[in-house]
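Structure first, commentary second.
Where a number appears in this text, it was derived from the coordinates with a stated rule and is not lab data. In this text, all values refer to a predicted model and were calculated from it rather than measured experimentally. Methodologically, a virtual Cβ is constructed for each residue, glycine included, from the backbone with ideal geometry; neighbour enumeration extends over all protein chains shown.
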Amino acid sequence: MSTFQNPLLEAKGITKYFGTITALENVDLKVHAGECLGVVGDNGAGKSTLMKVLSGLYKPSSGSLYFQGKEEILESPKDSQNLGLEMVYQDLALAGNLPIGENIFLGREPTKNIGFLKFLDFNKIKELTNAHLGKLKINVKSADQKVEELSGGQRQAVAIARSTAFNAKVVIMDEPTAALAIKEVGKVLDLINSLKKTGVGVIVISHRMDDIFSVCDRVMALFQGTNFAESELSNTSRDEVIGWIMGKK
Amino acid sequence: MEEKDNKKVSLYLKLMPYIEKYGILLLLVLMILVMHILQPDVFLSWRNVTNVFKQISWQSMLALGVFMVIVTAGIDLSVGSIMMLSLMVLAIVAKAGAPWFIVVITPLIAGFLCGLFNGAGITLLRMPHPFIMTLGTLYIFRGTGNLISGGTPISGFTDEVRYLGHGRIDLTWLGLEKSQYLPVSLVLIAVVYVIFWFFLNHSRTGKWIYAIGGNPSAARASGINVNKILIIVYSLCGFLSGIGALILAGRTDSGYPNAGLQSELDAIAACIIGGASFFGGRGTVLGVFAGVMIMGILRNGLNLMDVSSFWQQVLIGSIIVIAVYIDVLRRDLGTRK
């Protein structure tokens with residue numbers, strides 16, 4: 001899997017301060033099409049901050065982002081979405097009171113014009129949702145089911161479906177299996193593998209070595225806000241990666 | 001035995017969406033029936049029914065505004081004061097001799113600006129909770145209303161200004177009697193509620209209002225400008241309070257310092273009785289209407305039966321607590337923990 005050409009997404013020298021605290025210092029990251037990069041690190045190592053920089057939620061204090069070789073400045077999550085950079089948040093970022101379909105299209109709902117007024121096109125939402133869930137082989141009773149009625153694994157599947165509904169090129173997942181029952185973890189990992197096959201670049205942040213070693217091609221470790229180590233997955237071992245998390249090489 | 005229980009629960013789950021949507025209407029119909037049985041000659045008479053609608057007309061505007069705010073998991077305590085300030089502005093502009101079409105739009109603009117002030121304060125000043133901002137403006141707006149009017153009533157408006165609150169649509173062409181007219185305020189309630197129903201259920205902004213109430217961080221992560229939507233919601237709430245002021249001006253023919261005193265609490269009560277959740281993201285326009293009607297009918301019915309207004313307070317309070325308890329039970333069964 002090391003035949004990757006130019007990276008799809010590349011971050012160079014990302015530094016982020018919160019007041020006097022340095023959350024990230026000079027961090028580099030890259031991911032290629034069809035590749036899965038695992039990002040590991042202890043609590044507070046800067047993983048989530050880095051992901052929020054990539055999704056446009058935080059502006060970096062310095063450093064630059066390149067998407068398909070072109071430098072991009074992300075002012076908001078909308079900007080990153082427009083590029084095809086999607087985020088699956090740890091707390092899932094779904095509105096439980098809304099149905100599955102409306103969650104998948106939240107903020108980007110298809111509309112139809114009646115006169116000069118724009119109305120939501122509920123039929124289209126339903127149609128697109130069913131087609132998309134079918135493509136990802138996600139089974140739910142109905143696209144009209146409210147998200148709060150779903151199990152943890154189903155919610156994670158909806159969150160992933162949401163991130164890929166608009167021709168995503170890079171999907172960033174923060175602890176995708178953290179809150180799941182064991183039998184649901186496998187389904188989510190299968191989903192990640194099938195995303196890779198469609199040429200999407202995936203970044204997975206995880207504490208779970210099982211996740212990293214079953215879906216990732218490359219793994220990088222952050223330690224106290226800096227790049228600590230990086231390797232192709234085939235050239236490393238669980239024990240070595242666990243050592244990196246604790247700051248040992 | 002256990003299977004039977006499961007069946008019972010699953011039947012309940014199937015019925016739930018309908019109970020959630022229309023249960024409150026059942027309660028309303030039940031109340032109307034009970035009142036009709038207790039007061040068969042008076043309660044459903046043309047005169048009394050139109051009376052109820054005239055009485056709830058301005059409250060229904062405040063309740064609808066507060067409802068949208070509650071859907072975002074916020075609260076607006078200032079609607080009564082916004083209405084009073086808008087009413088005073090209207091009265092002063094009317095007394096200054098402005099033409100009626102100017103007088104009619106002034107409370108709408110004043111209400112909108114008050115709401116904008118609330119929304120801007122909550123988002124830009126990063127108030128920890130809308131309760132605080134709108135508690136502040138509850139005093140600010142009423143104080144301002146008293147300052148500009150000198151704290152005294154200003155009475156006497158033209159018929160055009162009073163039309164929405166006081167106007168009658170003659171129905172004699174339908175073969176009805178002269179006394180069987182349609183109050184303009186009833187038509188206004190219907191029009192405004194239908195427009196806002198469409199807005200909340202069929203527009204993107206409306207969907208986003210529900211999404212913000214369901215999970216604000218999800219809305220933000222979806223690229224929704226949460227602060228902008230909140231400012232829109234509070235501004236619309238102020239605007240509806242301005243419509244309330246216009247109706248009240250028509251009904252009472254006067255701008256008076258005590259207008260809308262404590263009506264913010266009635267508005268909140270109507271929303272809660274109508275099934276809106278304080279946690280946000282839940283509730284329907286139809287529910288709010290039912291909530292307003294239930295409170296209106298209760299007051300009217302108890303007045304007809306000559307029950308003391310102290311009992312009215314006790315009953316309305318009890319209905320709030322019972323309505324929310326039913327909501328708690330529903331949640332226990334309805335969502336996975």
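Scanning segment A:120-137 for residues that are within 23 Å of B:Ala219 (Cβ to Cβ) and either assigned to a loop (DSSP other than H, G, I, E, B) or within 11 Å of chain B (Cβ to nearest Cβ) (or both) returns A:Leu120, A:Asp121, A:Phe122, A:Ile125. Counting only residues that are within 8 Å of chain B (Cβ to nearest Cβ), touching a strand residue (DSSP E or B) at 6+ places or on another chain (Cβ under 7 Å) and crowded, with 24+ Cβ neighbours inside 10 Å, segment A:78-97 holds 1 of them. Residues of segment A:54-98 that are part of a strand (DSSP E or B), small (Gly, Ala, Ser) and at negative phi: A:Ser62, A:Ser64. Where strands (runs of 3 or more DSSP E) fall entirely within segment A:186-249, those with at least 1 residues that are aliphatic (A, V, I, L, M) and free of Cβ contacts under 8 Å to residues at least 60 places away in the same chain are at A:226-232.
Residues checked against (1) crowded, with 17+ Cβ neighbours inside 10 Å; (2) part of a helix (DSSP H, G or I):
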residue: B:Lys54; (1), (2): yes, yes
residue: B:Asn118; (1), (2): yes, yes
residue: B:Arg126; (1), (2): no, no
residue: B:Ile132; (1), (2): no, yes
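The lone criterion from (1) under 27 Å from A:Leu37 (Cβ atoms); (2) in a helix (DSSP H, G or I); (3) more than 11 Å from chain B (Cβ to nearest Cβ) left unmet by A:Ser163 is number (3). Search segment A:103-119 for residues being at the interface with chain B (Cβ under 8 Å from one of its Cβ atoms) and basic (Lys, Arg), and hand back the single one that is nearest to A:Lys146 (Cα to Cα). Among residues in segment A:103-119 that are at the interface with chain B (Cβ under 8 Å from one of its Cβ atoms) and basic (Lys, Arg), the one nearest to A:Lys146 (Cα to Cα) is A:Arg108.
When residues in segment A:45-75 are screened for being over 19 Å from A:Met220 (Cα atoms), without any contact (Cβ under 8 Å) to a residue 40 or more places away in the chain and either within 14 Å of chain B (Cβ to nearest Cβ) or not hydrophobic (A, V, I, L, M, F, W, C) (or both), 8 of them pass. Residue pairs whose Cβ atoms lie under 7 Å apart, sitting 6 or more positions apart in sequence or on different chains, and linking a residue in segment B:195-214 that is at the interface with chain A (Cβ under 7 Å from one of its Cβ atoms) and part of a helix (DSSP H, G or I) to a partner that is surrounded by fewer than 20 Cβ atoms within 10 Å (Cβ to Cβ) and polar (S, T, N, Q), are B:Arg204/A:Thr111. Among the residues of this structure, B:Phe157 counts as one that is more than 30 Å from A:Phe122 (Cα to Cα) and surrounded by 19 or more Cβ atoms within 10 Å (Cβ to Cβ).
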